[in-house]
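> I have a structure here, written as structure tokens, and I will follow up with some questions on it.
The values are calculated or read from the model by the stated rules, or taken from the named source; none is laboratory data. The structure displayed is predicted, hence computed values, not measured ones. Glycine gets a Cβ as well: all are built from the backbone with ideal geometry, and neighbour counts include every protein chain shown. Note: accessible area is taken over every heavy atom of the protein model, side chains too, but ligands, DNA and RNA are not part of it. Shrake-Rupley method; radii C 1.70, N 1.55, O 1.52, S 1.80 Å.
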Amino acid sequence: MEKIKKLFQATDMTVGAPWRQIMIFTLPMLIGNIAQQLYNTVDSIVVGRYVGDNALAAVGSAGPIVNLLLVFFIGISTGAGIMVSQYFGARDRENLALTIGNCTVACGVTSLFIMIAGAFVTGPLLHLLNTPDSIFEWCRSYLNILIWGMAGMAFYNILSGILRGLGDSFSALLYLLISTVLNIVLDIWFVAGLNMGVAGVSLATVIAQGISALLCLWKLFQMKDLFELKAVHFRPHGESMGNIIRLGVPSGITQAIFSMAMIVVQSLTNSFGEMFIAANVIVMRVDGFAMMPNFSFGTAMTTYAGQNVGAKRYDRVTLGARQGTLMAVGTSAVITGIILLFGKYLMGIFTDTTELVDLSMNMMRIIALGYLAMGVTQSLSGVMRGAGDTMTPMWISVFTTIVVRIPVAYGIAYLTRSPEYPIGRQECIFISLLSSWLLGALATAVMYRVGHWKKKALRTEEPAETLSA
């Protein structure tokens, strides 16, 4: 019983074998990421099966806009995770509580702004994306419900990020599993039972993530052995807010650029018609699972590096970076191999249309190699972010997205135009994605070796044994 209880406590990653600490932290997060991916996957399966392929395309077309609206929270979450891990490593109780309180306030204010303003931009953005008339109203309905429920989604992402920064990936996993089961039940009830269509899928997601957020908040208030949240910690504090912005804005900008690029590329995707839009949705859902090891190890490396930088253990950071990257690439290779072998069966879950399954599988084969490259990118970027260097990953993302992906996609489409393909070859979308991933891995490895990230740590007191771990 004591061992089980220990799993749901904060983990000190400044001691013990690096690979073991990283793996123990990553495994529940990997399971959690798979569960979170089920949110979108179940949405797509239920919609594709009970409403049709056009409804499946509608959910996919809305995705880039949802990601764009979430960039603010990704920035806050990144800044919070870095600060929490470094203050935890430095055993700094007061700054730990201050960071958590200020992050919560920042999340609340930003959520309110998006909930008010977001609904006014969905229509124009969908027109900008050249969204086909046949799926336009479904897209708008789906988006508006997600925006009205943005607070729950935002708080879950930020509060679970704080828990992970403390090394507690098991609690975040438990709450996510609870909400995932609820999401699946509500999806089937709202869509198959109540015939609510695409709107039912988004409503189920909002309710489930809102419950996750409440559970995370409850857990944070129970962790009084590490910090104690008081009213004073929820008052805006200049230095804390400044650090959240300094560390989080580059990650927010990175995600914003990525989301804007997705919108630009989505416009090209939409021009190929509903069949290719639906195929793109299926590929991206399977892609979400293929990316799970990379994102999980990347987040683990951020927490691991942050705690060890806070504790001034740079020798452990470099050793852990090497071991974590090897584990990420190895895990990704196994999962990618499984997808290539059994991908058709996975894609057949979403639709009975053979042509759609075959098209999706052809696109997946193009980007398969890129998952190994992303293992390198995510792990080493996680180390740099954990140390406080969020600018370098941002600039790499800007380069691979704006300079590589968009021009390559539109360039190949232009050069492959023909009477048979008046807009160009559909493969341009995924060739451009693969190109950006490969160059991103190379650039990230080079900048990690340069080592500017070692000079970016927050100012903390010398580590003291004032925090129990």
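> Which loop GluC sites (Glu not before Pro) in segment 209-315, with loop taken from DSSP, have no more than 13 other Cβ atoms within 10 angstrom of their Cβ?
The qualifying sites are E228.
> For segment 88-215, what log10 I(q)/I(0) values come out of the Debye formula at q = 0.13, 0.16, 0.17 1/Å, with one point per alpha carbon and no solvent?
For segment 88-215, the Cα-only Debye profile gives -0.66, -0.89, -0.96.
> Leaving out ligands, DNA and RNA but keeping every protein chain, what accessible area does D133 have, in Å² rounded to the nearest 10, with a 1.4 Å probe?
Number for this one is 140 Å².
> Can you give the accessible area of I22, probe radius 1.4 Å, in Å² rounded to 10?
0
> Further question: Taking only Cα atoms, what is the 0 to 90° angle, nearest 10, from helix 133-148's long axis to the longest principal axis of the chain?
Once rounded, one gets 20 degrees.
> Could I ask something else about it? How many lysine pairs are close in the chain, with Cα atoms under 29 Å apart and the two 8 or more places apart or on different chains?
18
> Step through the residues of segment 314-321 one at a time and calculate ³J(HN,Hα) from phi using the Karplus curve (6.51 cos²θ - 1.76 cosθ + 1.60, θ = phi - 60°), rounding each to whole Hz and writing x for Gly and Pro.
Coupling constants for segment 314-321: 5, 5, 6, 4, 5, 5, x, 4 Hz.
> Still on this model: On a 0 to 90 degree scale, rounded to 10, what angle separates helix 370-386 from the longest Cα axis of the chain?
So the inclination is approximately 30 degrees.
> With loop defined by DSSP as not H, G, I, E or B, and exposure as at most 16 other Cβ atoms within 10 Å, which is the longest segment of the chain clear of exposed trypsin sites (Lys or Arg not before Pro)?
Within the chain, the longest run free of exposed trypsin sites (Lys or Arg not before Pro) spans 1-223.
> While we're on this one: May I ask for the angle, rounded to the nearest 10°, between helix 292-310 and the longest principal axis of the chain, with both axes built from Cα atoms and the value confined to 0 to 90°?
Helix 292-310 and the main axis of the chain meet at about 20 degrees.
> Shifting gears a bit: Semi-axes of segment 232-315's equivalent ellipsoid from the Cα gyration tensor, sqrt of 5 times each eigenvalue, largest first, rounded to whole Å?
36, 20, 10
> While we're on this one: Expressed as a whole number of Å, what is the distance separating the alpha-carbon centroids of segment 192-231 and segment 70-113?
Using only Cα atoms, the two centres lie 18 Å from each other.
> To one decimal place, what Kirkwood hydrodynamic radius in Å is obtained for segment 140-286 from all pairs of distinct Cα atoms?
18.1
> Nearest 0.05, what FRET efficiency do A199 and F221 give at R0 = 25 Å with Cβ-Cβ as r?
Given R0 = 25 Å and the Cβ-Cβ separation, E is 0.15.
> Compute the semi-axes of the equivalent ellipsoid of segment 318-469, taking the square root of 5 times each eigenvalue of the Cα gyration tensor, and list them largest first in whole Å.
38, 21, 12
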